[in-house]
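What follows draws every value from the coordinates through simple rules; no lab data is involved. As the structure is a computational prediction, the values presented were derived from the model and not from experiment. Neighbour counts are summed over all protein chains in view; Cβ atoms, including those assigned to glycine, are modelled from backbone coordinates with ideal geometry.
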């Protein structure tokens, strides 16, 4: 059995199919992990979501996945550049959205020795803390209060962790870490407005995984979300978002080996960065 972790698809269904053909994926034998952002901006979010569900793939939630779920509850959340109408109007929308809403923010496989998230972890969190924080938000997403959560989900504050955070402030901070984080400072203050590659940020910031005091450093972590970072293997992390949507590549990392082995599919540009 092969296990492949795939970076942000964002509705690029044809490119995903080509990548699965490239690795000779066998759904009766192999498993897929998705690093979040199955949907949005690309042309075939519906087909991508249906495929992931049909394969019972492991999929952690990304910011675009949460945005889809928010739009289902609050249509005014939709933006001009979103391509989510096909999902919201599909005859199987309810089943697809219910499946998506029950996906985790963090997946950890002890046998393979990897944790999968969409974006990042603040330096104060070890794996145990990250799992507990993820479970808090997952419980809300799967419960009757998820509509209220989505109404208050957006925003950049609070921007620093404290165990004393409560209510929506706590849930929003946790969500922002798992689905939006790229850079932070030495205290773990999130810099969510910084979206460029390493080296483009102010001097006091580093990529979340680059701080030597990071408490999750003993855990091998797979993540997506950061197309301007691209393929990266170091600091015990493996970045999987290689910019398929922007004309980069779609990446799959095979995990059932001593070190991840990368496979890529070269992608035509679906969306120009200026259109993001």
- Message: Over all directions, how big on average is the projection of the convex hull of the alpha-carbon atoms in the stretch 12-139, in square nanometres?
- Response: 9.1 nm²
- Query: Counting other C-beta atoms within 10 Å, which of 164, 45, 77 has the fewest, and how do the rest follow?
  - Reply: 164, 77, 45
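Which of 149, 209 has the fewest other C-beta atoms within 10 Å, and how do the rest follow up to the most? Write down the numbers at each step before the final one.
On the way: 149 20, 209 24.
Placing the least packed residue first, the sequence is 149, 209.
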- Message: At q = 0.08 Å⁻¹, what log₁₀ I(q)/I(0) does the chain have when each alpha carbon counts as one equal point scatterer in the Debye sum?
- Response: -0.29
- Message: Taking 0.36 nm per residue of sequence separation and subtracting the Cα-Cα distance, how much length would be gained by fully extending the chain between residue 159 and residue 92, in nm to one decimal?
- Response: 20.4 nm
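Counting other beta carbons within 10 Å of each residue's own, what order do 37, 218, 233 fall into, fewest first?
Working: 37 32, 218 9, 233 12.
The most exposed by this proxy come first: 218, 233, 37.
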- Expressed in nanometres to one decimal, the distance between label points 7 Å along Cα→Cβ at residue 74 and residue 259 is 4.5 nm
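I want the antiparallel fraction of DSSP beta bridges within the chain, as a percent rounded to 5. Provide the component values of the computation, followed by the final result.
Numbers: 19 of 32 bridges.
Counting DSSP beta bridges with both partners in the chain, the antiparallel share is about 60 percent.
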